[in-house]
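The block underneath contains the structure these notes are about, expressed in structure tokens.
Just so it is clear, none of the values below were taken in a lab; they were calculated from the coordinates. Small disclaimer: the values here were computed from a predicted structure and weren't measured. As a convention, Cβ positions derive from the backbone with ideal geometry for all residues, glycine included, and neighbour counts pool all protein chains shown.
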Amino acid sequence: MMNSWNVMDFIIVFFSMVSIAFADIDLGPIKILRVLRVLRPLRMISRNPGMKIAIQSLINAIPDIGNVMVVSLLFILLFAILGTNFYKGKFFYCNTDNVPEPYSSLIDNKFNCMDYGGDWINQDQNFDNIG
């Protein structure tokens, strides 16, 4: 009877050996095999029964974690919609580089800005959309 942990150990060792053997050759598929070296720490799990139980518990908790993430994303969406309703269009400002100095203090809205030759610009970070 084959243990799945032993099969995983064999796969990790095999691909590590292949990767080391072809380290001098610059082939795309061989570079992909180097990524499998990340699985080396998983070999420790097969030797430690406490770690096996912890990892299996984490794997069993994934659906519940997904449910919590969905609820969290709904709350974030709710606050994003609320922020958009309150602050949409509030972050525009007048770029007064082209406006003569005595008139820059008179600008308080978009139309005054355009009349005196300024540019009505929105901030990079704003609440004009949910994104």
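Apply 1/(1 + (r/R0)^6) to the Cβ-Cβ distance of LEU106 and VAL71, taking R0 = 41 Å, and write down the FRET efficiency to the nearest 0.05.
0.25
Taking square-rooted eigenvalues a ≥ b ≥ c of the alpha carbon gyration tensor, is the stretch 88-131 rounded, prolate or oblate, where a/c under 1.5 means rounded and, failing that, a/b exceeding b/c means prolate? List each step's numbers first, then the result.
Numbers: a/c = 3.24, a/b = 2.58, b/c = 1.26.
The shape class here is prolate.
In the neighborhood of ASN122, defined by Cβ-to-Cβ distances under 15 Å, what is the net charge if each Lys or Arg adds +1 and each Asp or Glu adds -1?
Taking every Cβ under 15 Å from that of ASN122, the sum is 0.
Using only the alpha-carbon atoms, how far is helix 4-21 inclined from the longest principal axis of the chain? Give it as 0 to 90 degrees, nearest 10.
80
Suppose only helical runs count, i.e. DSSP H with n ≥ 4. What mean residue ellipticity at 222 nm does that imply for the chain under -39500 (n - 2.57) per run, divided by all residues and rounded to the nearest 500 deg cm²/dmol?
-19500 deg cm²/dmol
Which listed residue (PRO63, MET8, LEU77) has the Cα farthest towards the positive end of the charge dipole for the chain, taking +1 on Lys and Arg C-beta and -1 on Asp and Glu C-beta about the Cα centre?
Sorting the options by dipole projection puts first MET8.
Of all trypsin sites (Lys or Arg not before Pro) in the stretch 78-131, which ones are in loop regions per DSSP and have a Cβ with at most 11 other Cβ atoms within 10 Å? Walk me through the numbers on the way to the answer.
Working: sites: LYS88, LYS90, LYS110; in loops: LYS88, LYS90.
Those satisfying the criteria are LYS90.
Mind pulling the angle between the C-alpha long axis of helix 49-87 and the longest principal axis of the chain? Nearest 10 degrees, somewhere in 0 to 90.
It is inclined by approximately 10 degrees.
How large, in Å, is the chain by the Kirkwood hydrodynamic radius built from its alpha-carbon pairs?
For the chain, inverting the mean 1/r across all distinct Cα pairs yields 21.4 Å.
In nm, what is the difference between 0.36 nm times the number of residues separating ILE62 and PHE86 and their Cα-Cα distance?
Separation in residues times 0.36 nm, less the Cα-Cα distance, equals 5.0 nm.
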